[in-house]
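The values are calculated or read from the model by the stated rules, or taken from the named source; none is laboratory data. Given the structure is predicted, the values throughout are model-derived calculations rather than measurements. Glycine gets a Cβ as well: all are built from the backbone with ideal geometry, and neighbour counts include every protein chain shown.
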Amino acid sequence: MKVCTMLTLVLLCIPGCLAQHLAAQYDRALADSLGADEYGMKTYMLVILKTGTNRTTDEKVLDSLFRGHMANINHLAQIGKLFVAGPFGNNDGNYRGIFIFDVKTRQEAQALLQSDPTIRANIFQAEVLEWYGSAALPTYLKVHERIEKQKY
């Protein structure tokens, strides 16, 4: 009986201790600076790049467009508008890659997409979706810069 009572008391204390531990870790200034809601989340614009209708095979044209594409990605990351970008592997859906933009509207995302030469040339088509994710997402770029040997 004493063991059951003791176990019950311990189990009743765990949620309170856990809540105190989590509350002690919460950094309101950081959450506010990242635009986090009460769950530590915020809304971004997720862009799915798909193969466009321009099927040019001219290597000089493609090289120029993709150099511009990579330069644009780096520029958008530097100005704090793009937090994630990367290609997909081979797939049956003509999916080529993703972007995650830190903007509030689809219209803002569409405007940023027009700065990409591969999209303007219709090498890629873009689908823009609202995405709810961790407000800490921008902090990962600082770590990435420390592990990246070479920029595109």
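Of the helices (runs of 4 or more DSSP H) entirely within the stretch 28-127, those holding at least 1 residues that are in contact (Cβ under 8 Å) with a residue 40 or more places away in the chain and among the basic types (Lys, Arg) occupy 106-113. So is residue 94 at positive phi and surrounded by 11 or more Cβ atoms within 10 Å (Cβ to Cβ) or not? Yes.
Residues of the stretch 47-69 that are farther than 19 Å from residue 140 by Cα and of a type in the set (A, V, I, L, M): 48, 49, 61, 62, 65.
For residue 129, the stated conditions do not hold, so it cannot be described as at pLDDT 95 or above, surrounded by 14 or more Cβ atoms within 10 Å (Cβ to Cβ) and either touching a Pro at 6+ places or on another chain (Cβ under 9 Å) or within 30 Å of residue 27 (Cα to Cα) (or both).
Regarding the stretch 101-110, can at least one residue be identified that is assigned by TED's automatic domain parsing to the domain that holds residue 138, surrounded by 17 or more Cβ atoms within 10 Å (Cβ to Cβ) and of a type in the set (D, E, K, R)? Within the stretch 101-110, one or more residues are assigned by TED's automatic domain parsing to the domain that holds residue 138, surrounded by 17 or more Cβ atoms within 10 Å (Cβ to Cβ) and of a type in the set (D, E, K, R). Only one entry in 51, 56 is of a type in the set (Val, Ile, Thr), modelled with pLDDT of 50 or more and touching a Lys or Arg at 6+ places or on another chain (Cβ under 7 Å), namely 51. If you filter the stretch 111-126 down to residues that are surrounded by 14 or more Cβ atoms within 10 Å (Cβ to Cβ) and among the aliphatic types (A, V, I, L, M), you find that the one that is nearest to residue 95 (Cα to Cα) is 126. The residues listed here are 149, 142; of these, the one that is in a helix (DSSP H, G or I), surrounded by fewer than 13 Cβ atoms within 10 Å (Cβ to Cβ) and basic (Lys, Arg) is 142.
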